[in-house]
Amino acid sequence: MKLTLMLVCAVLWIASSHSSCLSPNIKFSLTSRKNQTGHWIAQVQLQRGDGTSSGTSAPLSVEIEHNTIACEGSTAIQVIATLVAPPPKAHPGYELFPGVGYYKLHTKSAVWEEAIRICEQEGAHLGIINSDEESQVMGNLLARHPKLVDVVHQGVAFLGFHDMYVEGQYVTIFGEPLNSTGYVKWNSNQPDNAGGNPGEDCGSVLTNGKLNDLPCRAKEAFICEQEIW
């Protein structure tokens, strides 16, 4: 009988991108050996530095699954180890909306590409709406500031989608089609690509939660979204 040993490791962990010196150091290894009686022994070893000065680390769970599969005279032994570590804390200024996520409205205006960089520096990304609930959160967040300073348009904030490549074909900052995000509800008569050349190629959200297009070089408010899990 043929014997095959498969070792599979799945690690679920999100490191803090804005403060690498505080990120936990996790070393995970899987080894196997055959003992004197011919039995295979698989060993899982986990070493973790907590990344804190106090020596107190956040809880970490480890699940080990062992399966034996027989098929046509061969036996496969599968060991699956799953590590789950808690996510990093939200960046300062981000507000938790339970059941939806962490968001921050930047009232200090920026052009679209600069807004992307600012969000990334905070360990976040320019916001992308995936549901009606999320659209309400972003719309309400914007509505708290009816008089924005140093912006081209009031009542609107940049989001993470655009149609720079092909006019009318909107994609997110991750290269995914906008219609795959779960939310494509435009405001009335939008998008309209107003203003001629270069027109309006960058996405935004209005206080009613609906989508709108804006000139990418306009200085506008913008919403960052932090994925912490």
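Quick notes on this one:
- Protection proxy ranking of 100-106, 174-180, by the mean of other Cβ atoms within 10 Å over each peptide's residues and highest first, is 100-106, 174-180.
- On segment 94-218, 48 percent of the accessible area sits on carbon and sulfur atoms, based on a 1.4 Å probe.
- Segment 129-181: C-alpha gyration tensor shape, a/c 1.5 cut-off, then a/b vs b/c: oblate
- Computed with a 1.4 Å probe over protein heavy atoms only, the accessible surface of segment 81-229 comes to 49 Å² per residue.
- Segment 163-219 shape via C-alpha gyration tensor axes, a/c threshold 1.5: oblate
- Probe 1.4 Å, all protein chains present, accessible-area order of 188, 204, largest first: 188, 204
- Residues of segment 189-229 with amide N under 15 Å of a point placed 7 Å along Cα→Cβ from residue 130: 225-229
The values are calculated or read from the model by the stated rules, or taken from the named source; none is laboratory data. Everything numeric here is computed off the predicted structure, so don't read it as measured data. We place every Cβ from the backbone using ideal geometry, glycine too, and count neighbours over all the protein chains shown. Side chains included, ligands, DNA and RNA excluded: accessible areas come from the protein's heavy atoms. Shrake-Rupley method; radii C 1.70, N 1.55, O 1.52, S 1.80 Å.
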